[in-house]
């Protein structure tokens, strides 16, 4: 199951996701149907029943279709259970209701990336980067720009990452043959993208040189070693 580190979402004015009391409450401005569906949602969430939780959210949306936080909660459930198409569509609806909804923007970016919609994922990652300048988001952008053959933009993104001192302190994990994973700093990961850009452009000699530079910076970088072997084999077969 995917996990996404996002702050809790609140449902409706005055209704929190957790801590609902089942005691009889005094009449207030919150309609009973909203209160009931919120209790159902909270209970289903506590008992790890996403199906019932989703039904409760849909009922809440029917009563309050303009509340973007309801769509946030629904998108998060879909995303957590790998229903990425639904997660992306629901998140987009939340963004339509509130263009500044960064919670939904994060889900949309990740969900579109998971389903291979690189162009749509990039749009949402760009929005996130423009909001907080997070270079980890910029790394995602660089990779997607490369996939979309927007090589100049990808190179610019990697240059910004490499030039940021904090990139040496941020690590990302790459797969390894023993499934243990290998931590690599973000600046070295950005250098790898530069090599991949040249390979995608057909500049095999330059790509090889750049892969070797990466291995000088990070000896034993398994995925780069594999890429270099494949590139060398391809060149020999030409």
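What follows draws every value from the coordinates through simple rules; no lab data is involved. Just so you know, these numbers come straight off a predicted model, no measurement behind them. Cβ sites come from the backbone with ideal geometry, for glycine too, and all protein chains shown count toward neighbours.
Structural descriptor for the chain: relative contact order 9 percent, calculated from alpha carbon pairs under 8 angstrom and at least 6 residues apart. For the pair residue 39 and residue 205 in one chain, pulling the backbone fully straight at 0.36 nm per residue adds 53.5 nm over the alpha carbon distance. Per the Debye formula on identical point scatterers at the alpha carbon atoms of the range 184-238, with no solvent, log10 I(q)/I(0) at q = 0.13, 0.15, 0.25, 0.26 Å⁻¹ is -0.27, -0.36, -0.94, -1.01.
So what's the angle, to the nearest 10 degrees on a 0 to 90 scale, between helix 135-147 and the longest Cα principal axis of the chain? With rounding to tens, the tilt is 70 degrees. Judged by the ratio a/c of the largest to the smallest principal axis of the C-alpha gyration tensor, the range 133-238 counts as oblate, that ratio being 1.5 or greater while a/b is no larger than b/c.
Using only Cα atoms, tell me the angle between helix 68-80 and the longest principal axis of the chain; keep it within 0 to 90° and round to the nearest 10. On a 0 to 90 degree scale, this one is about 50. Taking Cα atoms only, the orientation of helix 118-132 departs from the longest principal axis of the chain by about 80 degrees. Contact order, relative form, for the range 104-175: 21 percent (alpha carbon pairs under 8 Å, 6 or more residues apart, mean separation divided by residue count).
Take residue 62, project a point 7 Å from its Cα along the Cβ direction, then tell me which residues of the range 91-109 have their backbone nitrogen under 13 Å from it. So the set is empty, nothing qualifies. Helix-only arithmetic for the chain: the sum of -39500 (n - 2.57) across DSSP H runs with n ≥ 4, divided by the residue total, places the mean residue ellipticity at 222 nm at -21000 deg cm²/dmol.
As a ratio to 2.2 N^0.38 Å, the alpha-carbon radius of gyration computed for the chain takes the value 1.28.
The length gained by stretching the chain between residue 32 and residue 52 to full extension, at 0.36 nm per residue less their Cα-Cα distance, is 5.4 nm. What FRET efficiency would be calculated for the residue pair residue 222, residue 169, taking the C-beta separation as r and a Förster radius of 22 Å, to the nearest 0.05? Working from the Cβ atoms, E equals 0.50.
Structural descriptor for the range 133-238: relative contact order 20 percent, calculated from alpha carbon pairs under 8 angstrom and at least 6 residues apart.
If you model the range 89-142 as an ellipsoid using its alpha carbon gyration tensor, with each semi-axis the square root of five times an eigenvalue, the axes come out at 17, 14, 7 Å, biggest first. With an a/c value of 1.5 or above and a/b not larger than b/c for the gyration tensor axes a ≥ b ≥ c computed over the alpha-carbon atoms, the range 40-125 is described as oblate.
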